[in-house]
Amino acid sequence: MKQRKIPLRKCTGCQEMKSKKELIRIVRNDEGEFSLDRTGKKPGRGAYICPCSECLTKAQKSKGLERSFKAPVPKEVYEQLLRELSGEEHE
Ligand SMILES: [Zn+2]
């Protein structure tokens, strides 16, 4: 009997390992643009985070996203992500 492995990813905010389904992927493309990836298929370097503003704030304070992307993350990106996240919570 084969068991399907659930791929786990670490949240950049709370550092907890969770399944990809529970997390949101943030992608940085070759142009250095950040976006939320709901399909999990966007090209570029990705980081995962829980879909909650708390984890986003934690990631911002600990510079977890900067470490994941090995690049500076502008404040506007966090603000945009926060807006998109809070939009999703109401779905
Ligand atoms: Zn988290």
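Can you pull out every residue in the range 30-77 that is of a type in the set (Val, Ile, Thr) and surrounded by fewer than 15 Cβ atoms within 10 Å (Cβ to Cβ)? Spell out how you get there, then give the answer.
First, the residues of the range 30-77 that are of a type in the set (Val, Ile, Thr): 39, 49, 57, 73, 77.
Selection gives Thr39, Thr57.
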Note to self: For the structure I just gave you, tell me whether Leu56 is assigned to a helix (DSSP H, G or I) and free of Cβ contacts under 8 Å to residues at least 40 places away in the same chain.
What the structure shows: no
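Here's a check for you: in the range 16-42, which residue that is more than 16 Å from the ligand (Cβ to nearest atom) and within 15 Å of Arg83 (Cα to Cα) is modelled with the lowest pLDDT? Spell out the reasoning first.
Let us first name the residues in the range 16-42 that are more than 16 Å from the ligand (Cβ to nearest atom), namely 27-35, 37-42.
Then drop every residue that is not within 15 Å of Arg83 (Cα to Cα), which leaves 34-35, 37-38.
Numbers: Phe34: 90, Ser35: 88, Asp37: 88, Arg38: 80.
Taking the candidates together, the pick is Arg38.
In the list Gly87, Gly44, which residue meets the criterion of being small (Gly, Ala, Ser) and on the phi > 0 side of the Ramachandran plot? I'd like the intermediate steps shown before the answer.
Numbers: Gly87 fails: on the phi > 0 side of the Ramachandran plot.
Result of the check over Gly87, Gly44: Gly44.
I'd like the full set of residues that are more than 19 Å from Lys70 (Cα to Cα) and within 13 Å of the ligand (Cβ to nearest atom), limited to the range 1-13. Let's see the steps before the verdict.
Taking the range 1-13 first, the residues more than 19 Å from Lys70 (Cα to Cα) are 1-8.
Leu8 - this is the single residue of the range 1-13 that is more than 19 Å from Lys70 (Cα to Cα) and within 13 Å of the ligand (Cβ to nearest atom).
Among the candidates Ala71, Ala47, single out the residue that is among the hydrophobic types (A, V, I, L, M, F, W, C), touching a Phe, Trp or Tyr at 6+ places or on another chain (Cβ under 7 Å) and either in contact (Cβ under 8 Å) with a residue 24 or more places away in the chain or within 16 Å of the ligand (Cβ to nearest atom) (or both).
Numbers: Ala71 fails: touching a Phe, Trp or Tyr at 6+ places or on another chain (Cβ under 7 Å).
After applying the criteria, what remains is Ala47.
The values are calculated or read from the model by the stated rules, or taken from the named source; none is laboratory data. Since the model is a prediction, treat every value here as computed from it, not as a measurement. Here the Cβ is made from the backbone with ideal geometry for all residues, glycine too, and neighbour counts use every protein chain on show.
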